[in-house]
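The values are calculated or read from the model by the stated rules, or taken from the named source; none is laboratory data. These figures come from a predicted structure and were not determined experimentally. Ideal geometry is used to build each Cβ from the backbone, glycine not excepted, and the neighbour counts take in all protein chains shown. Keep in mind that these areas ignore ligands, DNA and RNA; they rest on the heavy atoms of the full protein, side chains included. Shrake-Rupley method; radii C 1.70, N 1.55, O 1.52, S 1.80 Å.
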Amino acid sequence: MTVSSHNPADPGDLVVRVETVGAAGAAAAVERARAAQPAWRAAGSAARSAALTHAAGAVEAHADELAALIVREVGKPLAEARGEVARTAAIWRYYAQAPYAPSGAAHEPAAGEGLLLTRRRPYGVAGLITPWNFPLAIPTWKAAPALAVGNTVVLKPAPEGTACALRLAELAGLPESVLTVVPGGAAEGGALVAAADVVSFTGSTAVGQAVVAAATGRGIPVQAEMGGLNAAVVLPDADLGQAAAHLAAAIAGYAGQKCTATSRVIAVGTAYEPLAEALVKALGATPAGDPGDPATVCGPVISEAALARLTGAIDSARAAGAEVLTGGARVDRPGWFVEPTLLAGVPAEHPLLAEEFFGPVAVLLPAADLDEAVALANGTRHSLATSVHTRDLDAALAAADRLDAGMIRVNAPSSGVDFHLPFGGTKSASHGAREQGQAVLDFFTASRTVTLLPAGAAR
């Protein structure tokens, strides 16, 4: 069998087609990685740090090539693609320092002489399953920390991001079987989860829940990031022009194909009418267009199926009485493009208010006060990121304390991420330990307690 990816802005452009290895091949890749792991760990901190630093330099040296590949394979607008390449290099460089960090502590014994130590050690083989929307950055923010602490890695990318993953691994230039890419689909992913020693997943809720069930059934550590139905809360005292610009970026940027994108805009009190006007204007200034144009903000969605799902949801909401304030139609050009869309009056039971659709579509909702706004924002099982827009520090802090989301951004788009801080959500958005920063270094290692007693000491 083969796996292939096509340019979403030009579906006739085949980016890559490669043979899949099947479940047996994925399991064999894990065994090769397991055989390589002791030497990778024993190479020491300096060698692992140098290897990750080399990967960062290689990404930087091929920045233009990689940005063009991202644009072509997943339709990310060029400006964002360049940003992703820069972030990818920065993540490799950040985790290149991790091998030198303390991996435990010394403790005083409760009684008598002796020494108590805690140490952290890698599990062995990290099985990584990654999505297509950040085809370099997400594989890197999983692989780099896993490698830094001494694991080897087997990566199964989404089919739509295959070319990017293969090129990333090639440029990283790590020793044989230390970082292996296994192209494929469900069979390869299932085999990886069944064989690896620790698993990290990013993708849909349904698949993530299956990964969690399989990994926990084996008794191995697993983390899963499964998207978000993210809200933005806008209070009447906010700078509405700035808020609208931030919201438009979070709704339409990269065609809304980020797990931190805004899909529900909650306008509090008198903010509703002026915000609606400002947001319609801001979204109108971000039309869907050629992702290779440096001025483009909103490119295509990833596939024809994704386009059909989005336009179907818009049409069904309209049929149920919703008003399309702007957008709402497929763009008349080759590729899978839909206009950035804002709807109002969407019925409470409509799927747009309950499911992540992963596209440049948002629903505008009214709230009488902050209490109602918080209740609306929290009324989802996908609580990943929420933005709050206000000039009132007390209101911002009160909202941040009461919102369920794992990440709360004040006077900023919901779609921003700081890679050195913990990343994750609540409820069905995430499972297990946080990604990024120190949190993920802890996830990819197990703590061990060592007791040292003087010879002849009483036990």
Do you know which residues across the stretch 259-279 are closer than 13 Å to ALA362 by Cα and crowded, with 24+ Cβ neighbours inside 10 Å?
ALA261, THR262, SER263, VAL265, ILE266, ALA267, LEU279
Output for the stretch 177-214, where each listed residue is within 20 Å of the chain's Cα centre (by Cα), over 21 Å from PRO135 (Cβ atoms) and crowded, with 22+ Cβ neighbours inside 10 Å:
VAL198
Take the residues in the stretch 298-318 that are among the small types (Gly, Ala, Ser) and in a helix (DSSP H, G or I); name whichever of them is nearest to VAL361 (Cα to Cα).
ALA313
Could you tell me whether GLY253 is without any contact (Cβ under 8 Å) to a residue 60 or more places away in the chain, in contact with a Ser or Thr (Cβ under 9 Å, 6 or more places away or on another chain) and among the small types (Gly, Ala, Ser)?
no
Log entry, pairs with first residue in the stretch 327-342 being more than 19 Å from VAL71 (Cα to Cα), second being open to solvent by 30 Å² or more (accessible area, probe 1.4 Å) and aliphatic (A, V, I, L, M), beta carbons closer than 8 Å, six or more apart or on different chains, reads THR341/VAL324; LEU342/VAL280; LEU342/VAL324; LEU342/LEU325
(1) in contact with a helix residue (DSSP H, G or I) (Cβ under 8 Å, 6 or more places away or on another chain); (2) surrounded by 17 or more Cβ atoms within 10 Å (Cβ to Cβ): which one isn't true of VAL18, the others all being true?
(2)
Go through the stretch 82-141 and tell me which strands (runs of 3 or more DSSP E), entirely inside it, have 1 or more residues that are more than 24 Å from VAL154 (Cβ to Cβ) and at pLDDT below 95.
104-107, 115-122
State all residues of the stretch 228-251 that are assigned to a helix (DSSP H, G or I) and open to solvent by 10 Å² or more (accessible area, probe 1.4 Å); if no residue qualifies, say none.
LEU240, GLY241, GLN242, ALA245, HIS246, ALA249
Identify the residue in the stretch 409-439 that is over 13 Å from the mean Cα position of the chain (by Cα) and among the β-branched types (Val, Ile, Thr) and, among all such residues, is nearest to GLU80 (Cα to Cα).
VAL410
Search the stretch 125-169 for residues being of a type in the set (Val, Ile, Thr) and open to solvent by less than 10 Å² (accessible area, probe 1.4 Å), and hand back the single one that is farthest from LEU69 (Cα to Cα).
VAL125
Scanning the stretch 423-433 residue by residue, those in contact with a helix residue (DSSP H, G or I) (Cβ under 7 Å, 6 or more places away or on another chain) and either within 24 Å of GLY256 (Cβ to Cβ) or not in a loop (DSSP other than H, G, I, E, B) (or both) turn out to be SER428, HIS431
Residue selected from the stretch 388-398 under the condition touching a strand residue (DSSP E or B) at 6+ places or on another chain (Cβ under 6 Å) and crowded, with 22+ Cβ neighbours inside 10 Å, by the criterion farthest from ASP442 (Cα to Cα)
HIS389
Hey, any hits in the stretch 107-126 for a residue that's free of Cβ contacts under 8 Å to residues at least 60 places away in the same chain and of a type in the set (A, V, I, L, M)?
yes
I'd like to know if the stretch 367-380 contains one or more residues that are in contact (Cβ under 8 Å) with a residue 60 or more places away in the chain, within 15 Å of the chain's Cα centre (by Cα) and either open to solvent by 60 Å² or more (accessible area, probe 1.4 Å) or closer than 21 Å to PHE134 by Cα (or both).
no
When you scan the stretch 347-365, do you find a residue that is open to solvent by less than 30 Å² (accessible area, probe 1.4 Å), modelled with pLDDT of 95 or more, under 17 Å from ALA261 (Cα atoms) and not hydrophobic (A, V, I, L, M, F, W, C), even just one?
yes
Just to check your reading of the model, which residue among ARG32, ARG17, ARG41 is under 30 Å from SER303 (Cα atoms) and more than 23 Å from the chain's Cα centre (by Cα)?
ARG17
